[in-house]
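Right, one structure below, let's go through it.
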Amino acid sequence: RAYQLAIRRVAAWLAEEGELDHDPLVGVKPPRLDQKLTPVLTDDQIRELLAACQGSMFRDRRDEALVRLMVETGLRAGECVALTLDDIDLDAGMVTVKRGKGGKGRRVAFGPQTARALDRYLRLRRRHPLADTPRLWLADNGRSFGYDGLRATLVYRAAQAGIKGFHPHVLRHTAAHRWLAAGGSEGGLMATAGWAN
């Protein structure tokens, strides 16, 4: 397509300069570009990913809560790692994103399974050396948990589940796909996902 655009400009110039009788590319349509499929996880892959997080250790509980929250709410990875304890309301089943992409905040609902996973993680979190810090997610090695930790953790769990080509944004794609497949509106999805268009 880029080559055709360049040749069209040259052909138009040659016709304007009188080097050609006419522009031979007038009316020629550009080639169609393949549209990439947006990768999403199947229900079986989600089950396998959650199964890879099973256990009673701090890391297991944190990772299950992460996966459930991200696949249900469609939070961006950066939004997820920026969450604080005050951003989670287990009783209401709501997470508050104070500053999403473009500086926009929003509230997003989550269901009882995600609330249960978060509750289990939060109970173990109380014994963490950094329990008094406001950040929601903590590493199991006594440090804070940022984007690199989130990415490494999710890629590791996906590898355990046998999911190839995984990256954290797949969870956001999956959340959007599941929303629409369940009959949710595009407008509702835009509000939930924090999209302007």
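Quick notes on this structure:
- Amide H contacts for LEU41 (H built 1.01 Å from N in the peptide plane; partners 5 or more residues away or on another chain; cut-off under 5 Å): THR174.
- Order of exposure, largest accessible area first, which applies to MET94, MET70 with probe 1.4 Å: MET94, MET70
- Our summary gives the stretch 46-129 a relative contact order of 28 percent, counting only alpha carbon pairs under 8 angstrom and 6 or more residues apart.
- Highest GNM mean-square fluctuation among ARG157, ARG127, ARG76, for the chain modelled with Cα contacts below 10 Å: ARG127.
- Descending semi-axes in whole angstrom, ellipsoid equivalent of the stretch 153-197, from the Cα gyration tensor: 26, 11, 6
- Computed Kirkwood radius, in angstrom, where 1/r is averaged over Cα pairs of the stretch 118-181: 13.6 Å
- Here's the list of aspartates and glutamates a cross-link from LYS164 could span, going by alpha-carbon distance under 17 Å and ignoring same-chain residues fewer than 8 apart: ASP43, ASP44, GLU48.
- Phi to ³J(HN,Hα) by Karplus 6.51 cos²θ - 1.76 cosθ + 1.60 over the stretch 62-69, Hz, x for Gly, Pro: 4, 5, 5, 4, 4, 4, 4, 5
- Where Rh is the Kirkwood radius over Cα pairs, Rg/Rh for the stretch 3-49: 1.54
- Distance histogram in 5 Å bins (all Cα pairs of the chain, percent per bin): 1, 7, 13, 16, 16, 11, 7, 4, 4, 4, 5, 4, 3, 2, 1, 0, 0
- Note that the stretch 7-17 has calculated 3J(HN,Hα) couplings of 5, 4, 5, 5, 4, 5, 5, 4, 5, 5, 7 Hz, one per residue in order, obtained from phi through the Karplus relation 6.51 cos²θ - 1.76 cosθ + 1.60 (θ = phi - 60°); glycine and proline are x.
- Rounded to the nearest 10 square angstrom, HIS167 shows an accessible area of 70 square angstrom against a 1.4 Å probe.
- With a simple spin-label model that places each label point 7 Å from the Cα along the Cα-to-Cβ direction, the separation between ALA12 and ASP34 comes to 2.9 nm.
- Rg over Rh for the stretch 1-103 works out to 1.39, using Cα positions for both radii and the Kirkwood form for Rh.
- Here the Gaussian network model covers the chain, with springs between Cα atoms less than 10 Å apart; of GLY165, GLY27, GLY74, GLY27 fluctuates the most.
The values are calculated or read from the model by the stated rules, or taken from the named source; none is laboratory data. All values derive from a computational prediction rather than experimental measurement. Ideal geometry is used to build each Cβ from the backbone, glycine not excepted, and the neighbour counts take in all protein chains shown. Side chains included, ligands, DNA and RNA excluded: accessible areas come from the protein's heavy atoms. Shrake-Rupley method; radii C 1.70, N 1.55, O 1.52, S 1.80 Å.
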